[in-house]
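The block underneath contains the structure these notes are about, expressed in structure tokens.
The values are calculated or read from the model by the stated rules, or taken from the named source; none is laboratory data. Bear in mind that the values here come from a model prediction, so they are computed numbers and not experimental data. Ideal geometry is used to build each Cβ from the backbone, glycine not excepted, and the neighbour counts take in all protein chains shown. Just so you know, the surface numbers come from the protein's heavy atoms only, side chains and all, with ligands and any DNA or RNA stripped out. Shrake-Rupley method; radii C 1.70, N 1.55, O 1.52, S 1.80 Å.
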Amino acid sequence: MKNIAIVTKPNYSSPRILANCLHNFFSKEEGIQSEVFYKLFVFKRLLSYSKVAKNYNYFIWKGYQLLHYIQDQLFLRKLKKYDAVIIVECSPKAFLSDSFDFVKLRDKLKGVPLIFHEVYYLGNAPTMVTYLKEGKHHQEDIFDWHLSVSEVTEIRSKPKAPWSQVGLHLKSTGLAPVQKKEHLGLIDFYREGYEKERNEQIKALEAVGIPYIELSGSYTIDEIREVYKKATFYFLQFPESFGLPIAECLSCGAYVFTPDTSWGMAWRQDEEVEIHGPGKLADCFVVYDGQEDLQKKLKEYKAEYDLVKTPEEVFQKFIDNYPDYYYGNKAGLDQFVDKLKRGAF
């Protein structure tokens, strides 16, 4: 039996969902047992003061470390007993030299493989690689292996060392298409710099007479999923490397509206894509050009959207075109597990 520790932050955000989905996916593997820990900030406290001096007073930082010292040491000692440790956090934050000290963690693990899991593989985001290099931050080699949800982000490449594409076992969350009570637009959280697109969406919804919800503040995972279940139309707010809400809204039967095909980077189906370039999206996406075109398309989709049947149809388009984003990529997971069992890291 190989035991895996999955460590993520306690916040109600995408890394927590990825961690839990991966944990559930591992349950399908024979001879694998995993456990999720919401203790990612233990690795922030490994940082020396020189790395965080811009943001913390010396005595506050040292006091923060001292306050958690005993429990942190006990947790680090516990991790050494596992056969692998998987870190689940967003990029580029996981690679920033002032966010966490995974270099020190790797040294403390003394040979236990340190794996990174995110929606995308860093090597598929050349602009992010450049950003990290120019800022003198870390690169992918601080981890022994990488597990990615998608094989396309800014560019597409086929998995090879040091990464595997394992998809997203979203099915394990129980998300599925549900009958809607009314037509409802869902506008994702506000993004600075994209006010024009947001205003066009709001004006178009109001012109067509479709009620809408603007996400704001904070939600638990269960709370926000209840909102997803009500929506018939979900509106992107800016370019997404993956966009977990896209997958969750599609699972619930909501069409995804975007003003640009490049905004759904990981959802482009082309064999080759340009960095931040356009691409082919499946029919569960609705691409529009400006407010007038959006109003026209909203009228059409409102008329055609059957509150009972259409959620199932949207969901079917989702899994027909992107099965790895709902069922996970079992072949990719098997490959990773095989390497772990052979001690090939």
Considering each of K330, K280, K309, K339 in turn, give the residue that is open to solvent by 60 Å² or more (accessible area, probe 1.4 Å) and touching a residue at least 40 places away in the same chain (Cβ under 8 Å). K330
With respect to F238, is the statement that it is at pLDDT 95 or above, assigned to a loop (DSSP other than H, G, I, E, B) and open to solvent by 30 Å² or more (accessible area, probe 1.4 Å) true? yes
Answer yes or no as to whether A344 is modelled with pLDDT under 95 and either part of a helix (DSSP H, G or I) or out of contact with any Lys or Arg (no Cβ under 6 Å at 6 or more places or on another chain) (or both). yes
So the check is Cβ under 8 Å with 6+ separation or different chains; which pairs have a first residue in region 287-298 that's within 14 Å of L236 (Cα to Cα) and in the same structural domain as R268 (by the TED database) and a second one that's hydroxyl-bearing (S, T, Y) and modelled with pLDDT of 95 or more? V287/T258; V287/T261; Y288/T258; L294/Y288
Which residue out of V314, V256, V286 is open to solvent by less than 40 Å² (accessible area, probe 1.4 Å) and assigned to a helix (DSSP H, G or I)? V314
In region 190-208, what count of residues is obtained for those that are touching a strand residue (DSSP E or B) at 6+ places or on another chain (Cβ under 9 Å) and among the charged types (D, E, K, R)? 3
Could you check region 1-106 for strands (runs of 3 or more DSSP E) lying wholly inside it with 2 or more residues that are without any contact (Cβ under 8 Å) to a residue 40 or more places away in the chain and surrounded by fewer than 20 Cβ atoms within 10 Å (Cβ to Cβ)? 32-37
It is to be established whether one or more residues within region 157-180 are in contact with a Lys or Arg (Cβ under 6 Å, 6 or more places away or on another chain), part of a strand (DSSP E or B) and hydrophobic (A, V, I, L, M, F, W, C). no
The lone condition E304 fails out of (1) farther than 21 Å from T261 by Cβ; (2) touching a residue at least 40 places away in the same chain (Cβ under 8 Å) is (2)
Any chance region 203-217 includes a residue that's open to solvent by less than 60 Å² (accessible area, probe 1.4 Å), out of contact with any Lys or Arg (no Cβ under 7 Å at 6 or more places or on another chain) and in a helix (DSSP H, G or I)? yes
Residue count for region 168-202, restricted to those that are surrounded by fewer than 16 Cβ atoms within 10 Å (Cβ to Cβ), touching a residue at least 60 places away in the same chain (Cβ under 8 Å) and not aliphatic (A, V, I, L, M): 3
Long-range neighbours under 6 Å by Cβ, at least six apart or interchain, first residue assigned to a loop (DSSP other than H, G, I, E, B) within region 134-147, second surrounded by fewer than 19 Cβ atoms within 10 Å (Cβ to Cβ) and among the aromatic types (F, W, Y): D144/F345
Going residue by residue through region 55-74, is there one that turns out to be among the basic types (K, R) and either in contact with a Ser or Thr (Cβ under 9 Å, 6 or more places away or on another chain) or more than 27 Å from H137 (Cα to Cα) (or both)? no
Confirm whether Q165 is within 30 Å of E223 (Cα to Cα), crowded, with 21+ Cβ neighbours inside 10 Å and either in contact (Cβ under 8 Å) with a residue 12 or more places away in the chain or assigned by the TED database to the domain that holds A204 (or both). yes
